[in-house]
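The numbers here are math on the coordinates, done by the rules we state, and not lab data. From a predicted model like this one, the values you see are computed outputs, not experimental measurements. Every residue, glycine among them, receives a Cβ derived from its backbone with ideal geometry; neighbour counts consider all protein chains shown.
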Amino acid sequence: MKRCFLVIARLALALPLVSCTTAPRPTPALCPLAVLGAFKPETSLLEKMLTDAKTEEIEGIAFMSGRLGNKSVVAAWTGVGKVNAAITTTLLIEHFKPAQVIFTGIAGALDPNLEPGDIVIARRTAHHDMGTLWSEGIERGGVKSRLTGEDNPVYFPADSNLLAAANCAARKAVFDPIALRSGRRSPKIVTGTIVTGDTFVASKEKGAELREKLGANAVEMEGAAVAQVCYQRGIGCLVIRCMSDKADDSAVMDKQIFYTMAAKNSASLVAGIIGCLGP
């Protein structure tokens, strides 16, 4: 009996441990795809599409898991701001071991060619309020990773597989025309840079500065925090945002007008991305 136990123990030690956060390319069968948004309406539209859905509450935050097509998916809303986003993302990673993370929702357009309803797929994301503040302005730089001690980049690159799936979904996407002050127009999708800070930008001057200094197409309050957590944990991440305003003096009012439509467009593209990821 003792000899049998020793043989089993040696076999157990010889078997590789399965970890969704450390495997080179986790399979969807083992690890879910995660979808996060800042507000509940940004994820509830996607949650309604899930089959075999169940909700689990962790540290007061509800996570809904289920299936969308042939994908295992877990979704949650983070709350506004970088700290809330980082907390929820960390809990998600620790408990659900996602293979990849998509962050979705609304943003302010910095590119003058973008209007409410348009979508930016982030090729890269950055914190616009992180760095050293000199008299002449911010010298932006990434902080050191607490896990490795290495410097984080200023720009966090999108996961190449998710980015390819997003471009695939963009080619197939069909949205309802948007009624703007200038008339009705069909939303468009572009790939670019999204920047994040703990302030709601409603200033044309600040928006122009972010576009000039960081090459930003859109600004929001959570994406780079999620991307940073995923970067440090070695998990693929993609941020996509639908424009609810133009980050100018009318931003607060425009957000109220276009929020529901923007959240719907963003969730619709996420569903398309999941469909383009394949089995």
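For LYS204, a cut-off of 29 angstrom between C-alpha atoms picks up these lysines, skipping any fewer than 8 places away in its own chain: LYS40, LYS82, LYS188, LYS213, LYS246, LYS255, LYS264.
By the rule of a C-alpha distance below 20 Å, with chain neighbours fewer than 8 residues away ignored, the aspartates and glutamates paired with LYS54 are GLU42, GLU94.
The order of VAL226, VAL252, VAL101, going from fewest to most other C-beta atoms within 10 Å of their C-beta, is VAL252, VAL101, VAL226.
The region of the chain that goes longest without hitting one of the GluC sites (Glu not before Pro) in a DSSP loop, each with at most 15 other Cβ atoms within 10 Å, is 151-279.
When both bridge partners sit in the chain, DSSP labels roughly 50% of those beta bridges antiparallel.
Restricting segment 80-166 to trypsin sites (Lys or Arg not before Pro) that sit in a DSSP loop and have at most 11 other Cβ atoms within 10 Å of their own Cβ leaves ARG146.
Taking the number of Cβ atoms within 10 Å of each Cβ as an exposure proxy, the fewest-first ranking of VAL219, VAL201, VAL190 is VAL190, VAL201, VAL219.
Calculate for the chain the 222 nm mean residue ellipticity that helices alone would give, adding -39,500 (n - 2.57) per DSSP H run of length 4 or more and normalising by residue count, nearest 500 deg cm²/dmol. Intermediate values should be presented prior to the final figure.
Details: 7 runs with 97 residues, N = 279.
Calculated at 222 nm, the ellipticity per residue is -11000 deg cm²/dmol.
Contact order for the chain, expressed relative to its length and based on alpha carbon pairs under 8 Å spaced 6+ residues apart, stands at 26 percent.
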